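Presented below is the structure to which this report refers.
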Amino acid sequence: MSVLHFTIRVGELILNATRMSHDDDERFDDAEIALATRTKPKAKRPSLYKVILLNDDYTPMDFVILILEKYFNYGIDGATDIMMQVHEKGLAVVGIFPFEIAETKVQQVMTLARQKQHPLQCIMEKE
Ligand code: TYC
């Protein structure tokens, strides 16, 4: 018997395979592929989500600016620009994050807005 180890590459996927021959003349039979394992884990990029603030008529501008500073790390000028963009256009993307971070930001905004009894809405949307 003889054993042949070989590697097949299909794009990023690497398969390790082993073939065995029991023949005296050492010919390999196609039916004797014994093993195929993935050696390189497929690297998946996490999908990204836009966090969006929506306009309304009642949430104070200062509160929206505070939210943008506190949870999205904007400075006063950036926060003011984004708040005005929401005020004038109806909405603005305030950041783009992996799912769990986007989810946390939305929760933080909604929790503080409810606590202060403002009708501010914050949503997330797949990029
Ligand atoms: N339109 C609000 C006002 O005039 C301000 C505002 C801005 C509200 C952004 C929500 O996401 C918002 N007081």
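The numbers here are math on the coordinates, done by the rules we state, and not lab data. All values derive from a computational prediction rather than experimental measurement. Reconstructed Cβ throughout: ideal geometry from the backbone, glycine too, with neighbour counts over all protein chains shown.
From least to most packed, judged by other beta carbons within 10 angstrom and beginning with the fewest, 112, 48, 120 follow the order 48, 112, 120.
Extents of region 48-126, largest first, come to 28, 25, 21 Å (Cα atoms, principal axes, whole angstrom). Peptides 83-90, 54-61, 40-47 ordered by packing proxy, namely the average of other Cβ atoms within 10 Å per residue, highest first: 83-90, 54-61, 40-47. Hydrodynamic radius of region 36-93 by the Kirkwood approach over all distinct alpha-carbon pairs: 13.5 Å. For the residue pairs 44/89; 70/116; 44/126; 70/126; 50/89, the alpha carbons lie more than 25 Å apart in 44/89. What's the local net charge at residue 96, with K and R +1, D and E -1, over the other residues with C-beta under 15 Å away? Taking every other residue near residue 96 into account, the sum is 0.
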